Amino acid sequence: MIAEMDETAATEAHINSVIEKYRQYVNPGLSRLLQFGGFGDLEESAEGCTVTLASGHKCLDFLGGYGVFSLGHRNPAVVRAVKQQLDRMPLSTRAYFNEPQALLAEKLAEVTPGSLRFTFFSNSGAESVEAALKLARKATGRTKYISTEGAYHGKTMGSLAVTGREKYRKPFGPMVPGTTFVPYNSAEAIAAAIDGDTAAVILETVQGEGGIIPASPGYLAEVRRITQKAGVLLILDEVQTGLGRTGRLFGCNHDDVQPDIITLAKALGGGVMPIGATVFTPEICESAFGENPYIHTSTFGGNQLACAAGLAALEFTLNEDLPALAASSGDRLKAGLTGALDRSPGALKEVRGLGLMLGVEFAIQDVAELTINGMARRGVIAGYTLNNPKVIRFEPPLIVSSSEIDRAVEAFSDAVQESIELLSGIE
Ligand SMILES: Cc1ncc(COP(=O)(O)O)c(C=O)c1O
């Protein structure tokens, strides 16, 4: 008994010492926020949909790294491919050709829609967007972009300039000039905003951080028609929606749309390696890289380890038909969440999304925050959407089981009830 207590006290001291290092050396505000939100523990190991914490608690990961863990944690096929590559050569000299990069680029050309063929590799979503924005300027000789209110494309200077939330842009102004923001799901607004200087329209196929807002049926197709007619490029940012998350391999498959540039990251690394990819047409390749193949580069982009992970992830996604799994599991999760909404109609406004990219909009932000905390205490990780904190998102691994979905729904439902009771007690 005493030995057990000693062990518990030692674990707690260890957890607190790491949190203290975060407070002193990483980001004090973030430490406070995580602790306050009920996440004052350390992630120690993970497998499939389960994360094990230093305290010994096990959690179901229904946040899924915002789309990173589509294949679950430590997917064996991806881990094997990365270990094999690690033992041969992890990073490129950049003087010679490397095979994993060539194979992954070939595979991406095969699976992406339409005439998308060439890939620029980087290390993150924001970098994949930076490349897309630069390529669009070079290919068109024009400088302006059209983006949407609530859009999230990253936080580097270029990607931030097309991110539709003032709160994140304002402290870093002036931004890269030339972006017009229009309401999402209005093709007319895009048509009205295009002028002779417009290089590209950039869109998510489901606005993720904006609050899990899917493109209305026909919206992307109409934007494609408008942009084609005006000679403006269409960039689809599928960093979060790409590779099965929405129930189709790409979000744009729902509307059968072929963009000029597609951006990928998150799930492409199979939950094991960071990677970003910008895939574009031969015409864009020629106009961007034709004169100077080094016009846009990245030291680590296209490295063997990341590309080996990407290749294994894509093969697993296709062989196991993860998009179909996302669609059927998404139906089950959506039905469960809608049941919770029916039980608490005053607190919850709407359940929406596609496949396993679902969001629940709350009437009151405080209830959403308390619910995330309550879910964490019940062993389920969830999070809110960055540009709309009234929305709790559900993005579990696409391999999630029915019983895991049912457990998460129960935790959600109980946490909502608890939050409502807690807040009504304060009033
Ligand atoms: C649609 C979209 N684009 C770009 C990004 C930026 O990706 P990263 O955080 O890897 O830079 C994100 C991240 O959430 C995203 O959801």
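The values are calculated or read from the model by the stated rules, or taken from the named source; none is laboratory data. Only a predicted model underlies this, so the values are computations on that prediction, with no experimental measurement involved. Every residue, glycine among them, receives a Cβ derived from its backbone with ideal geometry; neighbour counts consider all protein chains shown.
Residue pairs whose Cβ atoms lie under 6 Å apart, separated by 6 or more positions or on different chains, with the first residue in region 116-127 and closer than 19 Å to residue 308 by Cβ and the second in a helix (DSSP H, G or I) and not small (Gly, Ala, Ser), are 119/108. Apart from one condition, residue 293 fits all of (1) touching a Phe, Trp or Tyr at 6+ places or on another chain (Cβ under 7 Å); (2) free of Cβ contacts under 8 Å to residues at least 60 places away in the same chain; (3) closer than 28 Å to residue 133 by Cα; the exception is (1).
Residues that are in a loop (DSSP other than H, G, I, E, B) and under 13 Å from the mean Cα position of the chain (by Cα) were ranked within region 251-270; the one that is nearest to the ligand (Cβ to nearest atom) is 265. Scanning region 67-86 for residues that are more than 19 Å from residue 307 (Cβ to Cβ) and out of contact with any Gly (no Cβ under 7 Å at 6 or more places or on another chain) yields a single hit, 67. Considering region 50-164, the qualifying helices (runs of 4 or more DSSP H), each wholly inside and each with 2 or more residues that are within 30 Å of residue 389 (Cβ to Cβ) and of a type outside the set (A, V, I, L, M), run over 64-67, 125-140, 157-161.
Just the residues that are assigned to a loop (DSSP other than H, G, I, E, B) and among the basic types (Lys, Arg), please, taken from region 165-179.
Listed by number, the list holds a single entry, 165.
Residue check: is residue 205 within 16 Å of the ligand (Cβ to nearest atom) and either modelled with pLDDT under 95 or closer than 22 Å to residue 223 by Cα (or both)?
yes
Of the candidates 305, 249, the single residue that is of a type in the set (A, V, I, L, M, F, W, C), under 24 Å from residue 394 (Cβ atoms) and in contact (Cβ under 8 Å) with a residue 60 or more places away in the chain is 249.
Report yes if residue 38 is on the phi > 0 side of the Ramachandran plot, modelled with pLDDT of 95 or more and in contact with a helix residue (DSSP H, G or I) (Cβ under 7 Å, 6 or more places away or on another chain), otherwise no.
Details: on the phi > 0 side of the Ramachandran plot: yes; modelled with pLDDT of 95 or more: no; in contact with a helix residue (DSSP H, G or I) (Cβ under 7 Å, 6 or more places away or on another chain): yes.
When the stated conditions are applied, residue 38 does not pass them.
Is it true that residue 45 is touching a strand residue (DSSP E or B) at 6+ places or on another chain (Cβ under 7 Å) and not in a helix (DSSP H, G or I)? For residue 45, the condition - touching a strand residue (DSSP E or B) at 6+ places or on another chain (Cβ under 7 Å) and not in a helix (DSSP H, G or I) - is met.
Residues in region 180-202 that are within 16 Å of the ligand (Cβ to nearest atom), assigned to a loop (DSSP other than H, G, I, E, B) and closer than 18 Å to residue 140 by Cα: 0 in all.
Within region 346-367, the presence of a residue that is without any contact (Cβ under 8 Å) to a residue 40 or more places away in the chain, within 30 Å of residue 111 (Cα to Cα) and either surrounded by fewer than 24 Cβ atoms within 10 Å (Cβ to Cβ) or not assigned by TED's automatic domain parsing to the domain that holds residue 106 (or both) is excluded.
Considering only residues in region 284-325 that are polar (S, T, N, Q) and in contact with a Leu (Cβ under 8 Å, 6 or more places away or on another chain), the one that is nearest to residue 248 (Cα to Cα) turns out to be 317.
So that you can scan it fast, the table gives a plain yes or no per residue for (1) under 20 Å from residue 277 (Cα atoms); (2) not assigned by TED's automatic domain parsing to the domain that holds residue 241:
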| position | (1), (2) |
| --- | --- |
| 54 | no, yes |
| 84 | no, no |
| 88 | no, no |
| 91 | yes, no |
| 95 | no, no |
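The residue pairs whose first member lies in region 155-177 and is within 22 Å of residue 136 (Cα to Cα), whose second member is of a type in the set (Ser, Thr, Tyr) and in a helix (DSSP H, G or I), and whose beta carbons are closer than 8 Å, counting only pairs six or more residues apart or on different chains, are 155/168; 160/168. Among the residues making up region 252-301, those that are more than 25 Å from residue 357 (Cα to Cα) and charged (D, E, K, R) are 283, 286, 291. Counting only residues that are basic (Lys, Arg) and closer than 22 Å to residue 213 by Cβ, which one in region 311-360 is modelled with the lowest pLDDT? If we take residues in region 311-360 being basic (Lys, Arg) and closer than 22 Å to residue 213 by Cβ, then 349 is modelled with the lowest pLDDT.
Only one entry of 336, 247 meets the criterion of being in the same structural domain as residue 360 (by TED's automatic domain parsing) and under 21 Å from residue 351 (Cα atoms), and that entry is 336.
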